[in-house]
Amino acid sequence: MHWKDLKARLLAVGKVQMAGEPAERYIARSAAGPGAGGSGAVFFAIGNYRVKLAVSPESSIQVVHHGSGTADLFFEGRSLSGHLLEPGFHCPDQAYITVTGSCIFSCRYCSVPRIGGKRKTIEEIRGMVESVRDRIHAISITSGVLNSIEEEEAYVLEVIKHLTAYNLPIGVSIYPTAGTPDRLKDIGVAEVKFNLEAATSHIFSRMCPGLDYGLIWQVLDRSVKVFGKNRVFSNVIIGLGETDAELETCIKKLTALEVIPVLRPLNPVAGLAGMRRPSAKRLMKIFAIHTRALAESGLDPRLAMTMCTNCTGCDLVPVRDV
Ligand code: SF4
């Protein structure tokens, strides 16, 4: 079985039960996004391929840790030898840091507003980067919204000014305003990710009350002009009730703008806890559409230096997952 087929099946389950030696140092604990606040997740890797799975005692997938990261994965009667990756805050190889762990908005798929985490100080963030400096190649920054979108961006800009001295590529994913791409570029950010989240405006307005779908498209368009091709990304969730045709239209519209879509299988938590993860068959169908659309626009996910397209843990990434 090709890795991409196996990864689609693993992502369709999304969870893994851990056994064997203690694996605490390999458990990633997220403070942002749909997986935030859960019981953690592990990155299982075979060679350069990796998948991130939430830790859960109820999963049909089991990883047995033999110590020092060596592990076997048992799934559908197969046994695969690999290793666990040590996360550098949230994901391996990057310091991916959530600046503010709470949010005034209530996107239905996201746990952050329920966690009510605090805002990190600049000193805390610098300390976090220092603590993993010897094993990261990038810094990625995301954030909830503590007071207002404008105030959050101003704080994130201050944070970034203190991180450029590390001479690492910096990726930023925050909720934007019209001028955000230019301001981030001006202070030395390398890549940006502004998330559409939903394939249609209709679904977006149900999922993210109070946020502006049209503005995100406008900001993505501007971002490509400012950051260039292969430097702008946008998450779109698979499984919010959209059809395959709607998803295909959204993917093609993004790639026509030279934005690389990040197609994220729904993790049914928070207000969507009753929904189902997309099937492996659907993930593979969308993967084929995604792969074609990127190729037609000459976009190459291998060039990503930061954030999710570089990490590849949570999604099928064309050209990287083969
Ligand atoms: S793919 Fe993105 S959200 Fe998933 S672990 Fe990697 S950086 Fe985090």
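The values are calculated or read from the model by the stated rules, or taken from the named source; none is laboratory data. Keep in mind it's a predicted model, so treat the numbers as computed, not measured. Positions of Cβ are backbone-derived with ideal geometry, glycine not excepted, and every protein chain shown enters the neighbour counts.
Could you please let me know if PHE105 is closer than 30 Å to ILE160 by Cβ, among the aromatic types (Phe, Trp, Tyr), away from the ligand (no atom under 14 Å from the Cβ) and surrounded by fewer than 22 Cβ atoms within 10 Å (Cβ to Cβ)?
Numbers: closer than 30 Å to ILE160 by Cβ: yes; among the aromatic types (Phe, Trp, Tyr): yes; away from the ligand (no atom under 14 Å from the Cβ): yes; surrounded by fewer than 22 Cβ atoms within 10 Å (Cβ to Cβ): yes.
Judged against the criteria, PHE105 is a match.
Are any residues in the stretch 287-322 in a helix (DSSP H, G or I), closer than 17 Å to ALA8 by Cα and within 16 Å of the ligand (Cβ to nearest atom), and if so, which ones?
Looking only at the stretch 287-322, we keep the residues that are in a helix (DSSP H, G or I), and these are 287-296, 301-303, 307-311.
Now restrict to residues that are closer than 17 Å to ALA8 by Cα: 287-291, 308-309, 311.
Within the stretch 287-322, PHE287, HIS290, CYS308, THR309, CYS311 meet the criteria.
Looking at GLY38, GLY88, which one is part of a loop (DSSP other than H, G, I, E, B), within 15 Å of the ligand (Cβ to nearest atom) and surrounded by fewer than 20 Cβ atoms within 10 Å (Cβ to Cβ)? Break it down stepwise before answering.
Numbers: GLY88 fails: surrounded by fewer than 20 Cβ atoms within 10 Å (Cβ to Cβ).
Answer to the selection: GLY38.
Of the numbered conditions (1) touching a residue at least 60 places away in the same chain (Cβ under 8 Å); (2) within 11 Å of the ligand (Cβ to nearest atom); (3) buried (at least 24 other Cβ atoms within 10 Å of the Cβ); (4) at negative phi, ALA28 fails exactly one; give the number of that condition.
All conditions are met except number (3).
How about the stretch 29-43: which of its residues are in contact with a helix residue (DSSP H, G or I) (Cβ under 9 Å, 6 or more places away or on another chain) and modelled with pLDDT under 80?
If the condition is that a residue be in contact with a helix residue (DSSP H, G or I) (Cβ under 9 Å, 6 or more places away or on another chain) and modelled with pLDDT under 80, then ALA31, ALA32, GLY33, PRO34, ALA36, GLY37 are the ones that fit.
Determine whether the stretch 71-79 contains at least one residue that is in contact with a strand residue (DSSP E or B) (Cβ under 6 Å, 6 or more places away or on another chain), free of Cβ contacts under 8 Å to residues at least 60 places away in the same chain and surrounded by fewer than 16 Cβ atoms within 10 Å (Cβ to Cβ).
Yes, that holds for at least one residue.
Being under 22 Å from the mean Cα position of the chain (by Cα), small (Gly, Ala, Ser) and more than 11 Å from the ligand (Cβ to nearest atom): is that true of ALA45 here? Give the steps one after another, and end with the answer.
Details: under 22 Å from the mean Cα position of the chain (by Cα): yes; small (Gly, Ala, Ser): yes; more than 11 Å from the ligand (Cβ to nearest atom): yes.
The answer is yes for ALA45.
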